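A.B. asks: My questions will all concern the structure given below.
The values are calculated or read from the model by the stated rules, or taken from the named source; none is laboratory data. For clarity, every value in this text was computed on a predicted model and none was experimentally measured. Glycine also receives a Cβ, built like all others from the backbone with ideal geometry; neighbour counts cover every protein chain displayed.
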């Protein structure tokens, strides 16, 4: 009997919530699961620029779990460096990934240009990590793979996506590897919430000998949000003092949930209708894409659409498409709401709004998603008195509120609920995509609750998954 090994290398998201990249070596075939950007602290972001620990020319296929920056926005780099194989994703993820890659390339080029004009970069000249042309070449490699559609992506390895419930098109993944004894490896992707608006619940995977699972909120239980009350309370406060609310929100996922919540609160008469400025061209396009994939909506959203009520159409929504329209928002007096990307305030148009609104006490910044260590969003969440943007320090006098119930990530109990969907314990569970405190806490909880073997991989660690052929 000839033994063989499957090797799994953790190229990212090990001890951090960004840079999801997992390399699976099966015999002479190499599969990359996710290909995201590192974000957060400088030493973490620097990994985007380091020499690659693998040869992109040797990768046979890439599988994307979803279209967030930290899972897909490094694709242009590996394509530029020689990757020429297929990139498999669900159809909605393909539509959204095109937006993300275009936008990310635009931000890379724009920020390099701005740094060169202002002279604050240590590099002369400042260069983008990749260009729009690189992103375009990456988009040409995208190939659709629907939910629950098993497909042989390389000889002897079949991939199946399940609905992860995180954002539109998000997927978990099961890889079935043939040999005399078949083995299977599961990747959770980012696990979504249960009983949330717009999207379906996370779909279970029934069997896998090895599991790679996220742990973003592995150390806490989300507040149960009923009827968007925390959002309503924040709107009431901003109306009372005539201020402006700035919501840094991921263009894909959180923006649509916020629009849904604001529309519902106005429809119920819970809050007054005030102008909402959506200053994110990508979010506008993503919202349109949401409407193009009704079969991926949950029952509630489908029922609204069948009743003639578009779930994401807020009555007084004002869209800023051009730079001039974005800059004009600076003159807006309150009460008003501004929704703009990025969700962790790492870049994009939201920085200009924060720079404008943070110094005034009557304003408010509402954080609705996970804020990674080292990001401006995390600094605001932790009570920073000033934050640095575009080479200068901006005082923080506005109120900072966090609404954790809006997170698109499962909490500890929801992660455990998803793991209980496996019909038997795996050989090992690898916890990734979480800061060390969160995943250590989750590991202890899983060991005590399920009795499973849990490992916390380190960056660039290689593990062997044994099999027989």
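A.B. asks: Could you check the range 155-172 and list, in sequence order, the residues that are on the phi < 0 side of the Ramachandran plot, surrounded by fewer than 21 Cβ atoms within 10 Å (Cβ to Cβ) and part of a loop (DSSP other than H, G, I, E, B)?
C.D. replies: The one that is on the phi < 0 side of the Ramachandran plot, surrounded by fewer than 21 Cβ atoms within 10 Å (Cβ to Cβ) and part of a loop (DSSP other than H, G, I, E, B): 155.
A.B. asks: Out of (1) modelled with pLDDT of 85 or more; (2) in contact with a strand residue (DSSP E or B) (Cβ under 6 Å, 6 or more places away or on another chain), the odd one out for residue 315 is which?
C.D. replies: Going through the list (1) modelled with pLDDT of 85 or more; (2) in contact with a strand residue (DSSP E or B) (Cβ under 6 Å, 6 or more places away or on another chain), residue 315 breaks only (2).
A.B. asks: Of all the residues that make up the range 226-249, how many are crowded, with 17+ Cβ neighbours inside 10 Å and part of a loop (DSSP other than H, G, I, E, B)?
C.D. replies: 3
A.B. asks: From the list 207, 203, exactly one residue is under 20 Å from the mean Cα position of the chain (by Cα) and closer than 27 Å to residue 93 by Cα. Which is it?
C.D. replies: On the way: 207 fails: under 20 Å from the mean Cα position of the chain (by Cα).
Sole residue among the options that is under 20 Å from the mean Cα position of the chain (by Cα) and closer than 27 Å to residue 93 by Cα: 203.
A.B. asks: Any chance you could count how many residues in the range 173-188 are crowded, with 22+ Cβ neighbours inside 10 Å and out of contact with any helix residue (DSSP H, G or I) (no Cβ under 8 Å at 6 or more places or on another chain)?
C.D. replies: 6
A.B. asks: Moving to a separate point now. Got at least one residue in the range 117-131 being within 18 Å of the chain's Cα centre (by Cα) and in contact (Cβ under 8 Å) with a residue 12 or more places away in the chain?
C.D. replies: Within the range 117-131 (the criterion being within 18 Å of the chain's Cα centre (by Cα) and in contact (Cβ under 8 Å) with a residue 12 or more places away in the chain), the answer is no, since none of the residues qualifies.
A.B. asks: On the basis of being in contact with a helix residue (DSSP H, G or I) (Cβ under 8 Å, 6 or more places away or on another chain), more than 30 Å from residue 391 (Cα to Cα) and surrounded by fewer than 21 Cβ atoms within 10 Å (Cβ to Cβ), does residue 109 make the cut? Talk me through it step by step, then tell me what you get.
C.D. replies: Details: in contact with a helix residue (DSSP H, G or I) (Cβ under 8 Å, 6 or more places away or on another chain): yes; more than 30 Å from residue 391 (Cα to Cα): no; surrounded by fewer than 21 Cβ atoms within 10 Å (Cβ to Cβ): yes.
Considered against the rule, which asks whether it is in contact with a helix residue (DSSP H, G or I) (Cβ under 8 Å, 6 or more places away or on another chain), more than 30 Å from residue 391 (Cα to Cα) and surrounded by fewer than 21 Cβ atoms within 10 Å (Cβ to Cβ), residue 109 comes out as no.
A.B. asks: Another question about this same structure. Can you confirm whether residue 383 is surrounded by fewer than 20 Cβ atoms within 10 Å (Cβ to Cβ) and at pLDDT 90 or above? Break it down into steps so the answer makes sense when it comes.
C.D. replies: On the way: surrounded by fewer than 20 Cβ atoms within 10 Å (Cβ to Cβ): yes; at pLDDT 90 or above: yes.
Criteria met by residue 383.
A.B. asks: Spot the failing condition for residue 251; the list is (1) closer than 23 Å to residue 20 by Cα; (2) in contact with a strand residue (DSSP E or B) (Cβ under 7 Å, 6 or more places away or on another chain), and only one is missed.
C.D. replies: Status for residue 251: all satisfied but (2).
Residue-by-condition table, conditions (1) out of contact with any helix residue (DSSP H, G or I) (no Cβ under 9 Å at 6 or more places or on another chain); (2) in the same structural domain as residue 158 (by TED's automatic domain parsing); (3) on the phi > 0 side of the Ramachandran plot; (4) not in a loop (DSSP other than H, G, I, E, B):
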residue: 8; (1), (2), (3), (4): yes, yes, no, yes
residue: 13; (1), (2), (3), (4): no, yes, yes, no
residue: 16; (1), (2), (3), (4): no, yes, no, no
residue: 20; (1), (2), (3), (4): no, yes, no, no
residue: 24; (1), (2), (3), (4): yes, yes, no, yes
residue: 32; (1), (2), (3), (4): no, yes, no, yes
residue: 39; (1), (2), (3), (4): no, yes, no, no
residue: 45; (1), (2), (3), (4): yes, yes, no, yes
residue: 52; (1), (2), (3), (4): no, yes, no, no
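A.B. asks: Condition first: part of a loop (DSSP other than H, G, I, E, B) and either outside the structural domain of residue 274 (by TED's automatic domain parsing) or touching a residue at least 40 places away in the same chain (Cβ under 8 Å) (or both). Now tell me which residues in the range 362-387 satisfy that. Quick ask: steps written out before the conclusion?
C.D. replies: Keep residues of the range 362-387 that are part of a loop (DSSP other than H, G, I, E, B), which gives 362-363, 368-375, 382-385.
Once the filter is applied, which keeps residues that are part of a loop (DSSP other than H, G, I, E, B) and either outside the structural domain of residue 274 (by TED's automatic domain parsing) or touching a residue at least 40 places away in the same chain (Cβ under 8 Å) (or both), the range 362-387 yields 362, 363, 368, 369, 370, 372, 373, 374, 375.
A.B. asks: With the checklist (1) farther than 29 Å from residue 183 by Cα; (2) surrounded by 16 or more Cβ atoms within 10 Å (Cβ to Cβ); (3) out of contact with any helix residue (DSSP H, G or I) (no Cβ under 7 Å at 6 or more places or on another chain) in hand, flag the one item residue 388 doesn't pass.
C.D. replies: Among (1) farther than 29 Å from residue 183 by Cα; (2) surrounded by 16 or more Cβ atoms within 10 Å (Cβ to Cβ); (3) out of contact with any helix residue (DSSP H, G or I) (no Cβ under 7 Å at 6 or more places or on another chain), the lone unmet condition for residue 388 is (2).
A.B. asks: Kindly evaluate residue 446 against the criterion of being within 23 Å of the chain's Cα centre (by Cα), touching a residue at least 24 places away in the same chain (Cβ under 8 Å) and over 22 Å from residue 11 (Cβ atoms).
C.D. replies: no
A.B. asks: Taking the stated definitions as given, is residue 425 in contact with a strand residue (DSSP E or B) (Cβ under 7 Å, 6 or more places away or on another chain), in the same structural domain as residue 208 (by TED's automatic domain parsing), farther than 27 Å from residue 196 by Cα and at pLDDT 95 or above?
C.D. replies: So residue 425 fails the test.
A.B. asks: With the structure loaded, tell me whether residue 339 is in contact with a helix residue (DSSP H, G or I) (Cβ under 7 Å, 6 or more places away or on another chain), part of a helix (DSSP H, G or I) and crowded, with 20+ Cβ neighbours inside 10 Å or whether it fails that test.
C.D. replies: Taking the combined requirement at face value, the residue does not satisfy it.
A.B. asks: Among 233, 200, which is over 13 Å from residue 366 (Cβ atoms) and either in the same structural domain as residue 450 (by TED's automatic domain parsing) or free of Cβ contacts under 8 Å to residues at least 12 places away in the same chain (or both)?
C.D. replies: Residue meeting the stated conditions: 200.
A.B. asks: If I ask for residues that are at pLDDT below 95, crowded, with 20+ Cβ neighbours inside 10 Å and under 16 Å from residue 61 (Cβ atoms), which ones from the range 1-46 would you list?
C.D. replies: Selection gives 6, 26.
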